[in-house]
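The values are calculated or read from the model by the stated rules, or taken from the named source; none is laboratory data. Because the structure is predicted, anything quoted here is derived from the model rather than measured. Using ideal geometry, Cβ is built from the backbone for each residue, glycine included, and neighbour counts are taken over all protein chains shown.
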Amino acid sequence: MLLTSDDLLSFPDERSQELGTIAAIYPELLLTSPFSATISLPVSPILPVPVSFDTAEFFPISHFPALTLQFDLPSTYPEHSPPEISLSTSPAWIPAEALKRLKTEIDSLWEDFGGGQVVFTAIDHVQQAAEHGFGFVRPDSNGGAWLNLPAELRLHIADFNACTKKQQFEQGTYECGICLEPKKGTQCHRLRSCTHVFCLLCLSSYYSSMITEGHISSVVCSDPACVKKATLLNNATAPPTPPGTPPAEGIPSVSHKIMLPPTLPPDELKDIGLNAALLKRYVELKQKAALEKDPATVYCPRQWCQAPSRDSIKILNAAMAENHTSYYLSDYGSEAVVAAAAAAAVTPTPTRSGNRTRNDTPDTPEPPKLQICSRCTFAFCRVCAQGWHGDFQICRSSNAEPTPAELASEAYLREHTTPCPQCTSPVLKSHGCNHMICKCQTHFCFLCSSYLPPGEPFKHYNTRGTGCYMRLWEGEGGDGEHVRMIREGRVDLIGEELPPPEAPDAPDAPAPRRNARREVENLLPFVVGVVPVPGIPRRVPVRGRFADWGGTDDEGDTEGEELGVDFDDVPDT
Amino acid sequence: MAQAAKRITREYGEIEANPVAGISIRPIDEDMFKWNIELTGPKDSIYAGGTFKLLLTLPANYPFKPPILSFQTKIYHPNVSNDDKGSMCLGILRSDQWKPSCKIMAVLEMARGLLLEPNPDDAVETTIAEQFKTDKSQFEKNAKQWVKQYAK
């Protein structure tokens, strides 16, 4: 049973009198007997203590679990012996060394006073030491100053800190800058990024109204200081650097294209009390704004749709992930948006949509021509905005002048290729007869592009009046001198000379040819399907000069290599 | 609505308690959503001696939406439209720039500040703004003439 201050004051003993007096000063002092008492003292240093939990990450902690002092006053106290004081915390978070130091300091108080009543002094001493963080934080040999605690304490300490902060906040009264009324802490919200306080009612109705009307840029702190800061920031970032200008030293390379002014993260809006439908709309609007800011975003060409392509959204999400924004953006129409937004990591800095885009790095390849709409799943070509026509189709942008490279490619294709009558892929012949088999398995004539019946493809060349009569082997060496040089690995597809093979008799002699092929693949904006016909199907009667051809080849059925010209497989003729 | 009325009443009380020289306010009716304002031309400005009547209209969802401020007295000024609306071009009164923490008194003070220093780069009356920049003396002459004619 606990005693009261009055109980002890009426007790005829100097020790009880002392404890009774102190209990009147500190009502939280628990009197466990006439001569013993305990008190729990909150440990809330004036400055937050940087704490690491066995990692390199620091958490500023303002509130630690209380320190309990237990006093036992022996009968010889205060004249002849000091009080017995024990210190403890639950859990035991104070490093043993620091606790020992504190204990020594308190124990010496009695002697310093020349023997006398020291309970009050001891409590006061601990309180003051707590305000200064017990001197935990001492610069170490590296000049760093922090308190390291075992990792298993992390949850407990962080939780205690957060709860105490919340309690303190809720006990306070704040004037809301929107309704101008003083409000209890329980009805208020402290904005995480700037710590300004507004009442929940005002914040939720203001943000709801702004999101409903589509003014997402207003979903920010309304405090005049923040407004001023945002204005300065906007003005500072307004002039975009002209293309090609190297970023100024010290300033990170920030693309202004899709950088939006920061607004509140969706999970904070959820805490303010916005409903799921509004949060979903907010995330969608935010994503839309970010995509609209990026000139590289590709939109669905269907007039009634015009949603961004899946690729564009993917790139935006990747850019944001790279910038560690707390913003989660998902595919259009995804029901997971809200849940994911709520689950997104809590970061004090509000959203800043991707600071980097694909355009920051000049080496990044162009986005693929094939784009798929995120909403209607229409597959279309990025360049000509028509329905997807395959990689090999020649197409032009409807709203931009073709580049010299595009024009050269077109001219080359017109000159040297024949379109497949089925899939319209331009096909280049590296060598051999004019019976071609496209990647799409269509048999056709390289000269006139007409279908050839797979069963008897050579009838076309043996029939008078077809225009191709007796022309099966015309252009046997491929389409022009150029093709022969390509085949021999001397030039690439656009005519650039390639380095000669190093040593013809070396075991890895074919290597340069492989490189040549790779280079061709890299250089061409489209892939040219070349269909060599290395062998004639056995069931076709072979006569005359056909019989002179170097026989059939087992590899002869590998029509439609990815690039076509498979240099290694081309039999010498 | 109730929220708006409460805040407006509170702001009215604040202004009444701390009146600002040169600005007087008078709510038109009991619901407080329309105020008559009188600005006196700042002493060192070309509008000195004039008294300008303005109408302040507060939207039903104030302070989420900005108030509307219009001059009822004609004024020769690059930032006030020279028509029967007399609407004033003030950045913070645009709905995308408005912040609910902004108070009526701050708006009125900014309006009075514009009388002291017109902002020709953000003008509604471009011809007046042009004159302000190129022919200041003629501008001042016209402005003073209008004050005499309309604002006395």
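Taking region B:1-10 as the range and being out of contact with any strand residue (DSSP E or B) (no Cβ under 9 Å at 6 or more places or on another chain) and more than 7 Å from chain A (Cβ to nearest Cβ) as the test, the residues that pass are B:MET1, B:ALA2, B:ALA4, B:ALA5, B:THR9. Of the residues making up region A:1-28, those that are in a loop (DSSP other than H, G, I, E, B) and modelled with pLDDT of 85 or more are A:TYR26, A:PRO27, A:GLU28.
Would you confirm, using the coordinates I've provided, whether A:ALA151 is under 21 Å from A:SER52 (Cα atoms), exposed (fewer than 13 other Cβ atoms within 10 Å of the Cβ) and touching a residue at least 60 places away in the same chain (Cβ under 8 Å)? Spelling it out, A:ALA151 is indeed under 21 Å from A:SER52 (Cα atoms), exposed (fewer than 13 other Cβ atoms within 10 Å of the Cβ) and touching a residue at least 60 places away in the same chain (Cβ under 8 Å). Helices (runs of 4 or more DSSP H) fully within region B:53-152 that include at least 3 residues being under 24 Å from B:PRO19 (Cα atoms) and either away from chain A (no Cβ under 14 Å) or of a type outside the set (Phe, Trp, Tyr) (or both): B:104-116.
Restricted to region B:118-141, and to residues there that are within 23 Å of B:LEU93 (Cβ to Cβ) and of a type in the set (Asp, Glu), the residue that is surrounded by the fewest Cβ atoms within 10 Å (Cβ to Cβ) is B:ASP121. Among the residues of region A:150-209, those that are within 13 Å of chain B (Cβ to nearest Cβ), outside any helix (DSSP H, G or I) and either in contact with a Leu (Cβ under 7 Å, 6 or more places away or on another chain) or more than 25 Å from A:ASN275 (Cβ to Cβ) (or both) comprise A:GLU175, A:LEU180, A:PRO182.
Just to be sure, is B:LYS144 under 19 Å from B:PHE64 (Cα atoms) and buried (at least 16 other Cβ atoms within 10 Å of the Cβ)? Here the answer is no, as B:LYS144 does not meet what is asked. Applying the condition of being over 17 Å from the mean Cα position of the chain (by Cα) and not polar (S, T, N, Q) to region B:13-42 and asking which residue is farthest from the other protein chains (Cβ to nearest Cβ) yields B:ASP29. The strands (runs of 3 or more DSSP E) falling completely within region A:363-472 that include 1 or more residues that are over 30 Å from A:GLN303 (Cβ atoms) and not acidic (Asp, Glu) map to A:417-419, A:426-428, A:435-437, A:443-445. Total residues in region A:29-45 satisfying the condition of being assigned to a loop (DSSP other than H, G, I, E, B) and modelled with pLDDT of 85 or more: the figure is 4. Summed over region A:210-225, residues that are in contact with a strand residue (DSSP E or B) (Cβ under 9 Å, 6 or more places away or on another chain), part of a helix (DSSP H, G or I) and facing chain B (nearest Cβ under 9 Å) total 2. For B:GLN72, the test of being modelled with pLDDT under 90 and under 20 Å from A:CYS202 (Cα atoms) is failed. May I ask you to verify whether B:ILE68 is surrounded by fewer than 16 Cβ atoms within 10 Å (Cβ to Cβ) and under 27 Å from A:ALA230 (Cβ atoms)? It is true that B:ILE68 is surrounded by fewer than 16 Cβ atoms within 10 Å (Cβ to Cβ) and under 27 Å from A:ALA230 (Cβ atoms). Of all the criteria given as (1) among the acidic types (Asp, Glu); (2) closer than 17 Å to A:THR21 by Cβ; (3) touching a residue at least 60 places away in the same chain (Cβ under 8 Å), the one not satisfied by A:ASP124 is (3). In region A:188-213, the residue that is modelled with the highest pLDDT out of those that are touching a Pro at 6+ places or on another chain (Cβ under 9 Å) and among the hydroxyl-bearing types (Ser, Thr, Tyr) is A:TYR206.
Contact map, region A:44-56: residues that are over 16 Å from A:HIS156 (Cα atoms) paired with residues that are at pLDDT 85 or above and among the charged types (D, E, K, R), Cβ distance under 8 Å, separation 6+ or inter-chain. Pairs shown: A:PRO45/A:GLU131; A:ILE46/A:GLU131.
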